[in-house]
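Comments concern the structure below.
The values are calculated or read from the model by the stated rules, or taken from the named source; none is laboratory data. The structure displayed is predicted, hence computed values, not measured ones. Here the Cβ positions follow ideal geometry from the backbone for every residue, glycine too, while neighbour counts run over all protein chains shown.
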Ligand SMILES: [Zn+2]
Ligand SMILES: [Zn+2]
């Protein structure tokens, strides 16, 4: 099976599961072990089924739960040298250069440097069996390098963090507003749409993520992205409380590489 699912996405915690045939890769974990386990169970996965954790950067909403989850299930961690250099979450594992690809099993992992106010932050393009999945969040602007690297995806998780007007008129302090809007902050709906315009393809499935609960709304996102529905295969939204279901590119969820098929899939509760 090849597909993607969000355990939850937003400023209070991020984690994304990418299944590529025999490998189940978790990208980031900004949740406690208990929360992560509950959210994994909703997707039919136990902690021990995960092949490895990839970390995009050291911000707490992405890295706070990585070390504890990795320790409990003896999972290998992959992160950039810069991410490991930051001490706050005590991460240890395999280090990569932010622009050098590597392999995990049959998965080709291409880290992509992004402009964000962290230490060597990277996002990921993953390839396996001719399928390409991109996970792209936490970037302040879309660079030509980012557009090039994320072209040709079959599945793309894409940050649409804020509506500029809601952010400007919202209650965040001025310094935080400036940080979010800066070229090292987060993508607005319009910036995300500009990237989508560049990489749109009739076969592309899009999962919108890292949506601000404070400075964005479903209505604003629909207003910006609905015009693109005719140009791509699908557009779905990952939420903070629930994440998303599996978006399957090939095969079915019955083919997840897990020890116990169907585990918790039927008993899932939203808002876990
Ligand atoms: Zn974040
Ligand atoms: Zn961040």
Qualifying residue in segment 14-22 (condition: surrounded by fewer than 24 Cβ atoms within 10 Å (Cβ to Cβ), within 16 Å of ligand 2 (Cβ to nearest atom) and more than 18 Å from the chain's Cα centre (by Cα)): no
Residues (within 13 Å of ligand 1 (Cβ to nearest atom) and either within 19 Å of residue 16 (Cα to Cα) or without any contact (Cβ under 8 Å) to a residue 24 or more places away in the chain (or both)) located in segment 136-158: 136, 137, 138, 139, 157
In segment 113-135, the residues that are within 17 Å of residue 26 (Cα to Cα), within 16 Å of the chain's Cα centre (by Cα) and either in a strand (DSSP E or B) or more than 14 Å from ligand 1 (Cβ to nearest atom) (or both): 122, 123, 124, 125, 126, 127, 132, 133, 134, 135
Qualifying helices (runs of 4 or more DSSP H) (wholly inside segment 23-74; at least 1 residues being within 16 Å of ligand 2 (Cβ to nearest atom)): 60-63, 66-73
Test for residue 28: is it within 13 Å of ligand 1 (Cβ to nearest atom), at pLDDT 95 or above and out of contact with any strand residue (DSSP E or B) (no Cβ under 8 Å at 6 or more places or on another chain): no
Verdict on residue 261 being farther than 19 Å from residue 15 by Cα, modelled with pLDDT under 95, more than 16 Å from the chain's Cα centre (by Cα) and more than 16 Å from ligand 2 (Cβ to nearest atom): yes
Enumeration of residues in segment 69-91 that are free of Cβ contacts under 8 Å to residues at least 24 places away in the same chain and more than 12 Å from residue 51 (Cα to Cα): 71, 84, 87, 90
